[in-house]
1. Less than 21 Å apart at the alpha-carbon level, and either on another chain or at least 8 residues along: which lysines does that give for K17?
2. Could you tally the net charge around V46, taking each other residue with its Cβ under 13 Å from the Cβ of V46, Lys/Arg +1 and Asp/Glu -1?
3. K29: which lysines have alpha carbons under 24 Å from its alpha carbon, excluding same-chain residues fewer than 8 sequence positions away?
4. So how do M40, M26 line up by other beta-carbon neighbours within 10 Å, fewest first?
5. For the range 12-23, what does the Karplus curve 6.51 cos²θ - 1.76 cosθ + 1.60, with θ = phi - 60°, yield as ³J(HN,Hα) per residue in whole Hz, taken in order and with x for Gly and Pro?
6. Let's see if you can work this out: charge +1 on each Lys and Arg Cβ, -1 on each Asp and Glu Cβ, no other charges. What is the dipole magnitude of the range 5-65 about its Cα centre, in debye to the nearest 20?
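Here, each number is a calculation from the coordinates, and none is a lab measurement. Keep in mind it's a predicted model, so treat the numbers as computed, not measured. Using ideal geometry, Cβ is built from the backbone for each residue, glycine included, and neighbour counts are taken over all protein chains shown.
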Amino acid sequence: LNWSWPGAGGLGPFWSKYPPARVYLMRWKIDFTGQGAPPMLNAWFVWDGSSAEKGTRLLMLDRKDARQGELL
C-alpha cells in the first residue's frame, strides 16, 4: 500500500479499530511501470491479531535487504 494510506481521510475509525501488527516501510520508491521516477513510497501493512497487546511495530526495509523470506 502507499505509505500515506493511514493518513487518508475517513480511515481514522478503521485504523483505530484494526491497527496493524507491523508496518514495513520500503525506504525506496518501487517503479511498477519501469518508466523511472516512481511517485510514492510503499509499505507492507500486516494484520495478524497481535497488535492489540503489543501495539504496531514500524520496521524499515532497505532496497538491498535480502531477508524478505525472514520478515514474516
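1. Result set, ordered by chain and number: K54.
2. On the way: positive: R22, K54, R57; negative: D48.
Here the count lands on +2.
3. Here the lysines satisfying the reach criterion relative to K29 are K64.
4. Details: M40 12, M26 16.
Final ranking by Cβ density, sparse to dense: M40, M26.
5. x, x, 4, 4, 5, 7, 10, x, x, 6, 9, 10
6. Values: 8 positive and 5 negative charges, 20 e Å.
It works out to roughly 100 debye.
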